[in-house]
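> The structure follows.
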Amino acid sequence: MATPRDVATTRPDGQAPAEPEPTTPGPPSGRSTDGRGATRLGSVGWLRWGWRTLTSMRTALILLFLFALASIPGSIYPQRGVDPGQVARYFQDNPTAAKWLDRFWLFDVFGSPWFAAIYLLLFISLAGCVLPRAMLHVKEIRRKPPAAPSNLLRLPYGEAFDGDLAVEEAAKRLRRKRFRVVTGPDWVAAEKGYLRETGNLLFHFALLALLFAVGAGALYGYRGNVLVVEGDGFANAVAAYDRFMPGQRVSAESLEPYSFTLKDFQASYVAAGPKQGQPIDYSAKISVQDSPTSAPRDFELKVNEPLDVNGTLTYLIGHGYAPTFKVTDGKGQVAYEGPVPCLAENQATYASECVIKAPDAEPLQLGFLGRFLPTTVPSGEAWVSVFPGAVNPTVQIFPFGGDLGMKSGVPQSVYQLDTDGLKPLGKMSAEPKPLAVGETLELADGAGKIQFTGVREWISLQVTYDPGRIPALLAASAAVLGLVLSLTIRRRRVWVRMRDGKVTVGGLTRTEGSGAAFSTEFAEIVTMLREE
């Protein structure tokens, strides 16, 4: 009779089968071998390795740290999107350093390519890390607590006592403690603390939602800056902005069609004492039309109290003085009349610099450098301002004549006057006598005159529309809630076995560093189960 070995090793013709060719295991999927048999990664293997590295929690934490680090320059250097005037002054004061900083987008950090790259990688990393964890957590929630081990006293927490506790009664008491309970013939398994991982996932999903909301705001939102003088108005149109920064999905039709007129601006300061001149409050009274057909309504615009028109927010971010002038040329014609916004050179006293240009003056074009002093007092041979309020407003005038270059087609700043091609009109003094309101300065060579007619104030505004603002707030709140849950809730298991009039209780914590807290809770559970 043939043995199994004989059957396996003979053929029907009685000949012994050929020995099988020796085989070696092939390389894993996505890998290949070189001529010497060494395993090397193929293109698929490298892609898999890159994806696993990018979606690891360690990489997500590194990218989150880089994201926070990359935001620091935005708070150190002035940003074009917030205050373009400050950026212009930085270029004027530090031209060499500003040129190099601008090459690295440090004046527009949040719109830079390197910031966008970190942002996108962080979003992908979080998504690839959190989604698989969420699927595993769903399976874990649906899984029942495991059956009781054979020897509960070997667990980190264990205690035994005599008693006639029934399985149903033990399960009922543990449910009162909000445990998920499974029962067996003579045992009860209980577990709680699933909300810890839920909170952890909520935190990470909230971060994803926050990044998405910020991205949506950058695509569909816009931001603009504008300066408005008392008595003037503003309409929310692209042409009305001094600087307009739209998202990629924003068109001229996307802007909310509202308008307003600045009726009055009031700045309050401490009048006396060691804090003299310190600002107390800023208030701009405006008349608003929410749409071209709606009735005007009054609104008081304050710092951190923006005007809200259907989600478009208008913030008060700065103010200054706009003295009014009347310029008459050498032929007796009015070449310029109106307010001139001045930039403060001293924030404590609001001494400001002004530029007046009259390109239509004849026979010479006229340009003036002015120094506005809100509260003027003499200081030796000089004149200074000692208070930011317009108590005794004056202006010092430096007149020039010649070609202002405004017809050359080259754009000019309204806050700068190039005096290289101009000649001074009259004898220049470092400290000319300031003009009070209503006074006139006659220009030399019959070039005309300039009159200081009054004082107005201007405000600078930032108009923003960000559709991701509310979602970002909700996501941030959810992140805080998730963080609280993940830090305060502990995952733990408890088993109870009833056999031969003896009750054995075992406990196990699944959260590192929560031993002391669970020790107290375990003692309370044992006491509860002992109760008759």
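The values are calculated or read from the model by the stated rules, or taken from the named source; none is laboratory data. Keep in mind that what you see is a predicted model, and the values were worked out from it rather than measured. No Cβ is skipped: glycine too gets one built from the backbone with ideal geometry, and neighbour counts run over all protein chains shown. We work out accessible area using only protein heavy atoms, side chains counted, and drop any ligands, DNA or RNA first. Shrake-Rupley method; radii C 1.70, N 1.55, O 1.52, S 1.80 Å.
> Indicate the gyration tensor shape class of the stretch 298-438 (rounded, prolate or oblate), computed on the Cα atoms with a ≥ b ≥ c the square roots of the eigenvalues: a/c under 1.5 is rounded; otherwise a/b larger than b/c is prolate and the rest oblate.
Judged from the Cα gyration tensor, the stretch 298-438 comes out oblate (a/c at least 1.5, b/c at or above a/b).
> In nm, to one decimal, how far is the Ala134 label point from the Ala516 one, both placed 7 Å along Cα→Cβ?
Result: 3.6 nm between the two label points.
> Which whole-angstrom value gives the distance between the alpha carbon centres of the stretch 431-496 and the stretch 190-231?
21 Å
> Assuming R0 = 51 Å, can you tell me the calculated FRET efficiency for the pair Asp232 and Arg142, based on Cβ-Cβ distance, to the nearest 0.05?
That gives a FRET efficiency of 0.20.
> Rounded, prolate or oblate, given the Cα gyration tensor of the stretch 403-479, with a/c below 1.5 counting as rounded?
prolate
> Also: Tell me, what is the FRET efficiency for Arg297 and Trp46 to the nearest 0.05, using R0 = 60 angstrom and their Cβ-Cβ distance as r?
With a Förster radius of 60 Å, E is 0.45.
> Starting from the amide H of Arg243, placed 1.01 Å from N in the peptide plane, find each other amide H under 5 Å away whose residue is 5 or more places distant or on another chain.
For Arg243, the qualifying residues are Asn225.
> Using only alpha carbon pairs under 8 Å that are at least six residues apart, calculate the relative contact order of the stretch 55-114 and give it in whole percent.
Computed value for the stretch 55-114: 38 percent relative contact order.
> Non-local amide H neighbours of Val355 (under 5 Å, H modeled in plane, Pro and chain starts lacking H): which ones?
Amide H neighbours of Val355, under 5 Å, 5+ apart: Gly370.
> How far is helix 469-488 tilted off the main Cα axis of the chain, in degrees rounded to 10, range 0 to 90?
Helix 469-488 and the main axis of the chain meet at about 40 degrees.
> Please work through the chain and write down the cysteines that have no neighbouring cysteine Cβ at a distance under 4.7 Å.
Cys129 - these cysteines have no disulfide-compatible partner (Cβ-Cβ under 4.7 Å) in the chain.
> Right, something else. With θ set to phi - 60°, apply the Karplus curve 6.51 cos²θ - 1.76 cosθ + 1.60 along the stretch 453-468 and write out the HN-Hα couplings as whole Hz, x wherever there is a Gly or Pro.
Once rounded to whole Hz, the list reads 9, x, 9, 10, 10, 10, 10, 9, 10, 10, 9, 10, 10, 9, x, x.
> Could you work out the relative contact order of the chain? I mean the mean sequence separation of Cα pairs under 8 Å and 6+ apart, divided by the number of residues, in percent.
Taking the mean separation of contacting Cα pairs over the length of the chain, I get 17 percent.
> By the gyration tensor of its Cα atoms, with a ≥ b ≥ c the square roots of the eigenvalues, what is the shape of the stretch 96-211: rounded for a/c under 1.5, prolate for a/b over b/c, or oblate?
It is prolate, given that a/c is not under 1.5 and a/b is the larger ratio.
> Something else about it: In degrees, nearest 10, range 0 to 90: what is the angle between the Cα axis of helix 57-76 and the longest Cα principal axis of the chain?
Approximately 10 degrees, to the nearest 10.
> Follow-up question, since we're still on this one. Relative to the longest principal axis of the C-alpha atoms of the chain, give the angle of the C-alpha long axis of helix 194-220, reported between 0 and 90° and rounded to the nearest 10°.
30 degrees
> Let me ask something else. Could you check how much of the accessible area of the stretch 44-125 is carbon and sulfur, as a whole percent, using a 1.4 Å probe?
71 percent
> Magnitude of the Cβ-charge dipole of the chain, K/R +1 and D/E -1, about the Cα centre, nearest 20 debye?
2800 debye
> Also, quick follow-up: So for the chain, taking the charge dipole from beta-carbon charges (+1 Lys/Arg, -1 Asp/Glu), which of Val188, Ala284, Ser477 sits furthest toward the positive end?
With unit charges placed on the Cβ atoms, the residue in question is Val188.
> If you place +1 on the Cβ of every Lys and Arg, -1 on the Cβ of every Asp and Glu, and leave all else neutral, what size is the dipole of the stretch 226-287 about its Cα centre, to the nearest 20 Debye?
Using Cβ point charges on Lys, Arg, Asp and Glu, the stretch 226-287 gives about 180 debye.
> For Rg/Rh (Cα atoms, Kirkwood Rh), pick the label among [x] 0.95; [y] 1.02; [z] 1.24 that corresponds to the value derived from the coordinates.
Identified label for the calculated read-out: [z].
> How far apart, in nanometres, would the label points at Ala97 and Arg530 be if each is projected 7 angstrom from Cα along the Cα-to-Cβ direction?
With each label point 7 Å from Cα toward Cβ, the separation is 7.1 nm.
> Next question, about the same structure. By how many nm would the segment from Ala348 to Leu54 lengthen if fully extended, with 0.36 nm per residue of separation less the alpha-carbon distance?
Length gained between Ala348 and Leu54: 100.7 nm.
> Roll a 1.4 angstrom probe over the protein heavy atoms and tell me the percent of accessible area of the stretch 230-337 that is carbon or sulfur.
Carbon and sulfur atoms account for 46 percent of the accessible area of the stretch 230-337.
> Name the residue from Pro359, Phe398, Phe387 whose Cα lies farthest towards the positive end of the charge dipole of the stretch 358-449, charges +1 on Cβ of Lys and Arg and -1 on Cβ of Asp and Glu.
Checking the options against the dipole of the stretch 358-449, the answer is Phe387.
> Something else about it: Using amide H atoms built 1.01 Å from N in the peptide plane, name the residues 5+ places from Gly221, or on other chains, whose amide H lies under 5 Å from its own.
Those lying under 5 Å, H to H, from Gly221 are Gly247.
> Next up: Probe radius 1.4 Å, ligands and nucleic acids ignored: give me the carbon and sulfur share of the accessible area of the stretch 423-477 as a rounded percent.
55 percent
> Give me the lysines in straight-line cross-link reach of Lys302: C-alpha distance below 26 Å, same-chain residues under 8 apart excluded.
Lys263, Lys275, Lys285
> Of Lys423/Lys449; Lys144/Lys192; Lys357/Lys407; Lys99/Lys357, which ones are farther than 18 Å apart at the Cα?
Beyond 18 Å: Lys99/Lys357.
> Relative contact order (percent) for the stretch 461-532, with alpha-carbon contacts under 8 angstrom and 6 or more residues of separation?
Contact order relative to length: 20 percent.
> Using +1 at the Cβ of each Lys and Arg and -1 at the Cβ of each Asp and Glu in the stretch 66-145, identify which of Val130, Leu69, Gln79 lies farthest towards the dipole's positive end.
The residue sitting most towards the positive pole is Val130.
> Ok, one more. Residue-wise, which Karplus ³J(HN,Hα) couplings in Hz belong to the stretch 232-244, taking 6.51 cos²θ - 1.76 cosθ + 1.60, θ = phi - 60°, and x for glycine or proline?
Result, ordered by residue: 9, x, 8, 10, 6, 9, 4, 5, 7, 7, 6, 8, 10 Hz.
> Right, next: Residue by residue through the stretch 401-410, which ³J(HN,Hα) values in whole Hz follow from phi under the Karplus form 6.51 cos²θ - 1.76 cosθ + 1.60 (θ = phi - 60°), with glycine and proline marked x?
So the Karplus estimates, Gly and Pro as x, are x, x, 7, 6, x, 7, 9, 7, x, 7 Hz.
> Ignoring ligands, DNA and RNA, what accessible area per residue does the chain give at 1.4 Å, in Å²?
Heavy-atom accessible area per residue stands at 57 Å².
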